[in-house]
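The structure appears right after this line, and notes come after that.
We did not get these values from a lab; they are worked out from the coordinates using the rules stated. If you're wondering where the values come from, they're calculated on a predicted model, not measured in any experiment. Note that we place each Cβ from the backbone using ideal geometry, even for glycine, and neighbour counts take in every protein chain shown.
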Amino acid sequence: MTSPPAPDGFVVITVRDVYMLLVDVQKAVQGLLEHDKTQTARQDDHEARLKTLEGNRWPLQSLAVIVAIGALVLSFVPMLVR
């Protein structure tokens, strides 16, 4: 079925034109939703790795403080022995 000719200076937009544009918009939204799902999964993975790294970092600093205190105590031992 063809649309009737448009009078001079007017634009005719048919229901089919609107439908085709709506289908294009729907496909674009679906693509964005899929992209969002993959980004969310990547972000969750990234967060898990960061938490693991942060969890491993604090014991090393605590160990460094304990070693420093131990070295300080050992440096005073000769003074206490005299």
Among Arg42, Arg16, Arg57, which one moves the most in a GNM of the chain with springs linking Cα atoms closer than 10 Å?
Arg16
So how tilted is helix 15-81 from the main axis of the chain? Cα-based, degrees 0 to 90, rounded to 10.
0
Just subtract the alpha-carbon distance of Leu63 and Val25 from 0.36 nm times their residue separation and send over the number in nm, one decimal.
7.9 nm
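What is the diffusion coefficient of the chain in µm²/s, taking the Kirkwood radius over Cα pairs and the Stokes-Einstein relation at 25 °C with a viscosity of 0.890 mPa s?
The diffusion coefficient I find is 122 µm²/s.
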What helix-only [θ] at 222 nm does the chain give? Using -39500 (n - 2.57) per DSSP H run of at least 4, over all residues, to the nearest 500, the answer is -31000 deg cm²/dmol
Candidates Leu33, Leu53, Leu63, ranked by Gaussian network fluctuation over the chain, Cα under 10 Å, top entry
Leu63
Which loop chymotrypsin sites (Phe, Trp or Tyr not before Pro) in the chain, with loop taken from DSSP, have no more than 11 other Cβ atoms within 10 angstrom of their Cβ?
Phe10
